[in-house]
Amino acid sequence: MHDRRNQAMKRFIIERDVPGASDLTQADLAELSRQSNNAMASLDVPYRWINSYVTGDKIYCVHEADDEDAVREHARRSGIPANTVSVIVNEIGPYTSCLTKRETPS
């Protein structure tokens, strides 16, 4: 048996085409959440939903999984499209500029 305890899952950003996403009600969003949670529970692999962002006609989700196949299987089981799936390779934010010493010209 393969020990996964020390292996970090990859983090993915998922672009989902959901026409009228920004017009979905709280009840609609709750149903999508239930569908996603049920799909996660049915997977036989480690899987974690971090969060999602709703925009005009799209929902962007951040999930953790071992590979893209698991993300696409989650989408299939949930009935929620995963139009684009990309591995997040790095993160940047307001404090990123403080991480290294600024180089100044001589």
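Descriptive notes on the structure:
- Given their separation in residues at 0.36 nm each and the Cα-Cα distance between them, D28 and R76 gain 15.4 nm when the chain is fully extended.
- Environment charge at S78 (Cβ cut-off 12 Å; Lys +1, Arg +1, Asp -1, Glu -1): +3
- Peptides ranked, highest mean first, by Cβ atoms within 10 Å: ranges 76-83, 17-24, 65-72: 65-72, 76-83, 17-24
- Other residues whose C-beta falls under 15 angstrom from the C-beta of A41 contribute a net charge of +2, scoring Lys and Arg +1 and Asp and Glu -1.
- When Rg and Dmax of the Cα atoms in Å is calculated for this entry, the matching label among [x] 12.4, 41; [y] 17.2, 60; [z] 14.2, 46 is [y].
- Rough spin-label spacing in nm, given labels placed 7 Å along Cα→Cβ, for N37 and D69: 2.9
- Listed values for region 22-33 are Karplus-derived 3J(HN,Hα) couplings in whole Hz (6.51 cos²θ - 1.76 cosθ + 1.60, θ = phi - 60°), namely 5, 9, 5, 7, 4, 5, 4, 5, 4, 5, 4, 4, and x replaces Gly and Pro.
- Angle between the chain longest axis and helix 68-78 axis [Cα atoms, degrees, rounded to 10]: 30
- The value of relative contact order for region 10-98, using C-alpha pairs under 8 Å at least six residues apart, is 45 percent.
- Förster radius 22 Å - calculated FRET efficiency between I88 and Q7, Cβ distance, rounded to 0.05: 0.85
- Built amide H within the under 5 Å cut-off of V18, gap 5+: K58, I59
- Using the Cβ-Cβ distance between T55 and Y95 with R0 set to 25 Å, the FRET efficiency works out to roughly 0.50.
A short reminder: the numbers here are calculations on the coordinates, not readings from a lab. All of these numbers come straight from a predicted model, not from anything done at the bench. No Cβ is skipped: glycine too gets one built from the backbone with ideal geometry, and neighbour counts run over all protein chains shown.
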